[in-house]
Amino acid sequence: MYGERRPEFDPNQVMKNLSDSWKRFTSKLPGGGGTSIGVIVIAIVAVGLWLASGVYQVAPNEQAATQLFGKFGTITEPGLRWFWPAPIGRIQKESVTETKSMEIGFRSSKSNPDIDVAVEALMITGDLNIVDVKLAVQYRISDLKKFLFQVDDPGDPDRGSREGKPDGRTLKDAAEAALRQVVGQRSIDDVLIREKERVQLDTAALLQVLMEHYGTGIFIQTVQLLEVTPPGPVRASFDDVVAARSEKETRVNQADAYEQDRLPRAQGAAQTTIQAAEAFKTARVKRAQGEADQFTAILEQYNLSKNVTRQRLFLEAMEDILPDVRLIIIDEEAGSGVLPFLPLTEGVPSAIGGGQ
C-alpha cells in the first residue's frame, strides 16, 4: 500500500516516439524531408503551441503539484502559472481549503438519503454488546505532496474515490479501526448515553495519529456520531431501559430540586426563630438589669434619707393611682339631703369632680 510510485512513462520511449513521428512527417514532404523553410516554420509553430499549453491557473482555494518526467517538482500557490506541458510535465490541482466528508456505517444519496452498511456499522463494545454506529468524518488536505505521492491507495468505488488518493480505502479503514478501538474500550451505556462526546473526541484524536503515521497529508477536523443504536432485534428492549433510566433521572432531579427549595426555607425559618428568641432574651435581660439598677439606686437614696424617700415614693404612687379615681366634692349644706345610693357621677361635669 505504501512506497514510491512507478514512473508514469519512460522518457527514452517518449523521445523515440517523437523522433519516429518527426521522421514520418518529414518523409512525406517534397524533397524527402529536407530542411526547407516551411518545415522549420511548422516546427516552430508546433513547439510554440505546445509550450503555450503549459499555462495553467490555480484557484484561490487550490494548490498544484508539478511533476517533471514523473518526478515530483514543487507545490505552486494560487495564480497564473506555467510548467512544462505533457508529456514532459504534469499538473495535479487539489482544493486544500474545502472540508470533505466521509460516511462510515451508511451511505447517503439524493434518491436514498440513508442506506445502512452493516459491515461497517456493527461493532462490539467493551462489555461484549453489539451497537450500530453511524459516523461522519470531516477532513481537509493539509499537505498536498504527501496526499498525492505518499500513499498508493487502491481507491473506493463504493464512495467514488479515485485510485492513488488516501481519502479512499486508507481513510475509511483507519476511521473504522479507530472507532472500533474506542468503542471496544467502553460499555454499551457509555457509547449510547453517557460518553458520546468523549467517544467522538477520542476517535478523532486516534484517527489523526493514524493519518500522520501513514503520511497521508490529511487533517481530521471533526468526527461526529450521527446515530448510535442497539441492533434491530433488541432495539425495543434497549429503548425501554433508556426510558426507565431517563424517568429515574427525572425523579431524582425533581427530588433534588424539592430539597434545594425546602431546605433553605427551613433553615431560614430556624434562623428567624433563633434570632427572635435571642432578641427577646436580650430585651428581658436588659429590662431586668434596669429594674435592678433602679431598685438599687432607690435603696441607696432610702438609706441616706428614709423619711424623705418614703414620702417621695408615697407621692409618686399617688400620682400613678389618683388619675384613675373620680372625685366628687359636695358641700355639706347643699348636699345634706342627697341619698348615698343616687348615681351622683352621671351627668356631672368633670370640672365639678376635680378631674379624672
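The values are calculated or read from the model by the stated rules, or taken from the named source; none is laboratory data. Treat the numbers as computed from the prediction; the structure is a model and nothing was measured. So basically every Cβ, Gly included, is an ideal-geometry build from the backbone, and we count neighbours across all protein chains shown.
Answer yes or no: is there a residue in the range 220-235 that is more than 30 Å from P157 (Cβ to Cβ) and touching a residue at least 40 places away in the same chain (Cβ under 8 Å). So far as the range 220-235 goes, yes, one or more of its residues are more than 30 Å from P157 (Cβ to Cβ) and touching a residue at least 40 places away in the same chain (Cβ under 8 Å). Would you mind stating whether Q200 is under 21 Å from the mean Cα position of the chain (by Cα), in a strand (DSSP E or B) and surrounded by fewer than 19 Cβ atoms within 10 Å (Cβ to Cβ)? Criteria not met by Q200. Scanning the range 54-72 for residues that are under 23 Å from R140 (Cβ atoms), in contact with a strand residue (DSSP E or B) (Cβ under 6 Å, 6 or more places away or on another chain) and among the small types (G, A, S) yields A64, A65.
Every test in (1) acidic (D, E); (2) modelled with pLDDT under 90; (3) in a helix (DSSP H, G or I); (4) over 23 Å from the mean Cα position of the chain (by Cα) is passed by D189 save one, and that test is (4). Pairs meeting the criteria (first residue in the range 259-273 and in contact (Cβ under 8 Å) with a residue 40 or more places away in the chain, second residue surrounded by 10 or more Cβ atoms within 10 Å (Cβ to Cβ) and part of a helix (DSSP H, G or I), beta carbons under 6 Å, at least 6 apart or on different chains) are lacking. H213 meets all of the listed conditions (1) more than 27 Å from V96 (Cα to Cα); (2) assigned by TED's automatic domain parsing to the domain that holds P154; (3) free of Cβ contacts under 8 Å to residues at least 12 places away in the same chain but one, namely (1). One residue stands out in the range 162-185 among those that are crowded, with 16+ Cβ neighbours inside 10 Å and among the hydrophobic types (A, V, I, L, M, F, W, C): the one that is farthest from T216 (Cα to Cα), namely V183. Has the range 227-244 got at least one residue that is within 20 Å of T99 (Cα to Cα) and either out of contact with any Ser or Thr (no Cβ under 7 Å at 6 or more places or on another chain) or part of a loop (DSSP other than H, G, I, E, B) (or both)? No - not one qualifying residue is present in the range 227-244.
For R312, indicate whether it is outside the structural domain of R194 (by TED's automatic domain parsing) and either small (G, A, S) or more than 29 Å from D189 (Cα to Cα) (or both). It is true that R312 is outside the structural domain of R194 (by TED's automatic domain parsing) and either small (G, A, S) or more than 29 Å from D189 (Cα to Cα) (or both).
Only one entry of T74, T66 meets the criterion of being in a strand (DSSP E or B), touching a Phe, Trp or Tyr at 6+ places or on another chain (Cβ under 6 Å) and among the polar types (S, T, N, Q), and that entry is T66. Only one of the listed residues (L80, L128) is in the same structural domain as V223 (by TED's automatic domain parsing) and either of a type outside the set (D, E, K, R) or modelled with pLDDT under 90 (or both). That residue is L128.
Counting only residues that are of a type outside the set (A, V, I, L, M) and in a strand (DSSP E or B), which one in the range 131-174 is modelled with the lowest pLDDT?
Initial filter on the range 131-174 (of a type outside the set (A, V, I, L, M)): 132, 134, 138-140, 142-143, 145-147, 149-150, 152-170, 172-173.
With in a strand (DSSP E or B) added as a condition, the list becomes 132, 134, 138-140, 156, 161.
Numbers: D132: 90, K134: 92, Q138: 95, Y139: 96, R140: 94, D156: 85, S161: 80.
Here the answer is S161.
Within the range 90-118, being modelled with pLDDT of 90 or more, charged (D, E, K, R) and assigned to a loop (DSSP other than H, G, I, E, B) holds for one residue alone: E98.
Taking the range 107-135 as the range and being free of Cβ contacts under 8 Å to residues at least 24 places away in the same chain and hydrophobic (A, V, I, L, M, F, W, C) as the test, the residues that pass are I115, V117, A118, V119, A121, L128.
Any residue in the range 79-106 that is closer than 30 Å to A177 by Cβ sitting within a Cβ distance under 7 Å of a residue that is of a type in the set (S, T, Y) and surrounded by 17 or more Cβ atoms within 10 Å (Cβ to Cβ)? List the pairs, counting only those 6 or more apart or interchain. Pairs that qualify, where the first residue is closer than 30 Å to A177 by Cβ and the partner is of a type in the set (S, T, Y) and surrounded by 17 or more Cβ atoms within 10 Å (Cβ to Cβ), are K100/Y139. The residues listed here are I298, I328, I274, I321; of these, the one that is surrounded by 10 or more Cβ atoms within 10 Å (Cβ to Cβ), part of a helix (DSSP H, G or I) and at pLDDT below 90 is I298.
For F238, the conditions (1) assigned by TED's automatic domain parsing to the domain that holds F147; (2) in contact (Cβ under 8 Å) with a residue 24 or more places away in the chain; (3) over 25 Å from the mean Cα position of the chain (by Cα) are fulfilled apart from (1).
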